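Just so you know, all these numbers are worked out from the coordinates, no wet-lab data involved. Every value quoted in this text rests on a predicted model; they were computed, and no experiment measured them. Cβ: placed from backbone, ideal geometry, glycine included. Neighbour counts: every protein chain shown.
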């Protein structure tokens, strides 16, 4: 447990170092491109996220499981998955070259020609190969506790993104095109670091293609795959639906609030892969008990930032991004409570992924996605962004409750195993906070001395 606390604390330190870097980049980019430009970026990012999860085939999560089980080398897992991803990318690039108008209509509907330029589609799609590759690399770095490399890749990428975005968006004033070019540059930089890490990994990092490994990755990953598709329809696909119900500026407000929403969700996401690594260990005989404790801890950890963001976002977002983004602040206040319920679902997801049964979470994610999109269609025409917030929170609650029911049934647990928090949970939280502060002070002192 001590090693898990240290690992999670290291990840939290890295994430919270990244927040000011990504926030600075986001602030001046969003102020430069305005609500409409942010709406365009939100649409394009949603398109790439959906394509990424469809193309992934669940191979990133299954490769992490197989690596932890010591069945294949890292190079074999990456090589076997990457061959398929290169083929998929070439097919998508050919389709975009053949009929870019169809892509624009899929992303933004009949009004897409007036807001989306073909070059923006090409720049967005260019990030697909590196995003898929890094989805495996990041997970393996986390479960192998290689926090220094993970931190270098993420912090280095954010610093590169800050420099590129400043030059292309502010200095050259290239607007949305500059923001997308900066993203491509960051992906190239981060991928170069990841490939160098593979080279230095010795025999483990040697790229090799194995049909057997690929088949096993697909077989194990199919549950995660379908869950991920539905989950991305739940959030990213919602943007495409909202495009037909709202104007592009409202999509921009939604996109700004979603940035903070995702930052908060990153906290419980940090716990997922360390937990998968620990629970997937064949020698661990207390999987259900540790998963229950993880869920209780995440609810405790998330309560404070969620309440804080709900209180300050109506004032902070207009101050930071400009008064024109005031609707985004109110929208974030209305939607942010859903983060706590997402944390519960992620705890359950970690448990089943570690057992190679991620498909167990598929029903809860599917029902939540259907309810979310259905309520959007009913509520948004009458209540606008408030209707979006209501549908999202209801869907998050439903997903959490259904996930808990499945978890308790499969683990033969009881509701009292998850509620309320135990005395030991508070002690673990205190220990985690202590380790977090120590690591943060150490990293800050290294930065200042450098």
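I'd like to compare 198-207, 41-50, 145-154: which one has the highest average count of other Cβ atoms within 10 Å, and what's the full order after that? The partial results should precede the final answer.
On the way: 198-207: 13.7, 41-50: 21.6, 145-154: 17.8.
Top of the packing list down: 41-50, 145-154, 198-207.
I need the shape label for the stretch 2-438. Rule: rounded when a/c is under 1.5, else prolate if a/b > b/c, else oblate, with a, b, c from the alpha carbon gyration tensor.
Details: a/c = 1.44, a/b = 1.16, b/c = 1.25.
It comes out rounded by the Cα gyration axes.
Go through 17-26, 326-335 and give me the packing order, highest mean Cβ count within 10 Å leading.
Details: 17-26: 16.5, 326-335: 22.3.
For the peptides 17-26, 326-335, the packing ranking is 326-335, 17-26.
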